[in-house]
Amino acid sequence: MPNAIILDDEQQERLSHFLKRRQLNENMVSLLKQIKDDHDLKRGQVTTAQNATYDSIIESLTTSLNEGWVTTQQVVDILDGAEIAGRQHVCVFSIPDDLIDEVVRSIQQPTTLNTQGLTLSEFWEIPREPYTRLIQNDQRLLIMKVIAPRYYWISNETQESEDLIEIMKRREKERTAVILRLDRVNKTLQARVPIREKASNLDTTKSVYSFLVEIIESQYGDDGMTWFNKLARFPLSDAFQKIIENREDFSLLTDTPENQHFKSSMSHKGAGDDASDIRDFEQWGFAEGFARTSLRGKWKIDDADIHVRMHADKVKMGQQISREVCRLFFPRPCTDAQVEHVIERIKAHLP
């Protein structure tokens, strides 16, 4: 087989960036182990170390592509699957019974449906305009992926003197992939929006929702916005009280209790993997009689902890109109199954 260069230096750098952002080192090392076994390679021809650096993984991957030990499709399948979940915001909506057929028909017919084969460059090139790919369509699930450019501003402050601070705003542009996951059985629509790469700390329910509106408008037009605005709220806030009472598989790290006389926010200082459940603190006394707008905690599944921040926020649609939006933020990489587990556990706590 001719020894052709599949990935140049710039492409290798972009692929490495994608792997780092999605934290795919374990996935790629598993692929390289499979390559080594399938082709009976000698030690050192490709790296199979579990703690391999991304540079060595990219080097081995490039060699494997050049030598024909692995196909582009095998690599693409891993990258494509990684965009279903990860570090992301998940907005969940309930679909009224009389709207489900309309929503299904519309989501299946985006303005720009790309049916061409996937290429590696699709995972780092920023498209000029959004387009959609069909991921899955069966009796239960309809999953679409919208690949789009995303623009946002970030500010940098520089103190020039005691009396002067200069503020510079820079517009960032990046590729993003929004997952629309429609469950026909449960009649729910999830919109999974990745964090902003260079300003994740600025993501709010409003910014995520506004970007989601742009995506719906770009792919489904006015008809899409009509059904999107008719989607019902997912009753996250209704589950908060029973979640607060759950100590079996949920640990509470942040609470936002409030009533007509009192409003507070309580968190474990420096909360991390070893953070204590704040319900064990003497100062926490909000078991009953309080509403919440958000909770942060850990759901346990098998031997893993799924960190999630659950927000039931209201987004202004106009001067006197607002919409309650359920937003689940997963600050750490997670799988599709883990996202579904959290949503099912929330539903189990609804009255």
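The values are calculated or read from the model by the stated rules, or taken from the named source; none is laboratory data. Every value quoted in this text rests on a predicted model; they were computed, and no experiment measured them. As a convention, Cβ positions derive from the backbone with ideal geometry for all residues, glycine included, and neighbour counts pool all protein chains shown. SASA here: full protein model, heavy atoms, side chains in, ligands and nucleic acids out. Shrake-Rupley method; radii C 1.70, N 1.55, O 1.52, S 1.80 Å.
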Carbon and sulfur: what percent of the chain's accessible surface (1.4 Å probe)?
44
Mind checking the angle between helix 9-22 and the chain's longest principal axis? C-alpha axes, 0 to 90 degrees, to the nearest 10.
30
Placing one identical point scatterer on every Cα of the range 9-70 and ignoring solvent, what is log10 I(q)/I(0) from the Debye formula at q = 0.22 Å⁻¹?
-0.84
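Taking loop as defined by DSSP and a crowding limit of 10 other beta carbons within 10 Å, which GluC sites (Glu not before Pro) in the range 108-174 fit?
Details: sites: Glu122, Glu125, Glu157, Glu160, Glu162, Glu166, Glu172, Glu174; in loops: Glu125, Glu162.
Sites meeting the loop and neighbour criteria: Glu162.
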GNM, the chain, Cα, under 10 Å: largest mean-square fluctuation among Asp80, Asp222, Asp255?
Asp222
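Take the residue pairs Lys263/Lys300; Lys20/Lys169; Lys169/Lys198; Lys298/Lys347 and return only those whose Cα atoms are more than 21 Å apart. Please report the intermediate quantities before stating the final value.
Working: Lys263/Lys300 29 Å; Lys20/Lys169 26 Å; Lys169/Lys198 13 Å; Lys298/Lys347 16 Å.
Checking Cα-Cα distances, Lys263/Lys300; Lys20/Lys169 exceed 21 Å.
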Given [x] 5, 21, 28, 25, 16, 5, 1, 0; [y] 5, 24, 32, 27, 11, 1, 0; [z] 5, 26, 37, 25, 6, 0 as candidate values of P(r) over Cα pairs in 10 Å bins from 0, in percent, which corresponds to the one derived from the coordinates?
[x]
Take the alpha carbon atoms of the range 162-218, find their center, do the same for the range 288-351, and report the distance between the two centers in whole angstrom.
17
Whats the longest run of the chain with zero chymotrypsin sites (Phe, Trp or Tyr not before Pro) that are DSSP loop and have at most 12 other Cβ atoms within 10 Å?
1-261
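Give me the orientation-averaged projected area of the Cα convex hull of the range 213-297, in nm², one decimal. Display every interim value, and only then the final one.
Values: hull surface 33.5 nm².
Convex hull of Cα atoms, orientation-averaged projection: 8.4 nm².
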Of all trypsin sites (Lys or Arg not before Pro) in the range 200-246, the ones in DSSP coil with at most 12 other Cβ atoms within 10 Å are none
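So, for the chain, what is the accessible surface per residue at a probe of 1.4 Å, expressed in square angstrom?
Working: 18860 Å² over 351 residues.
Per-residue value: 54 Å².
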Please turn the phi angles of the range 50-62 into ³J(HN,Hα) values with the Karplus equation 6.51 cos²θ - 1.76 cosθ + 1.60 (θ = phi - 60°), one per residue in order, whole Hz, x for glycine and proline.
5, 9, 4, 6, 5, 4, 6, 5, 5, 4, 5, 5, 4
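For the range 90-232, what does the convex hull of the Cα positions come to per residue, in cubic angstrom?
Working: hull volume 18.3 nm³, N = 143.
It comes to 128 Å³ per residue, whole-number rounded.
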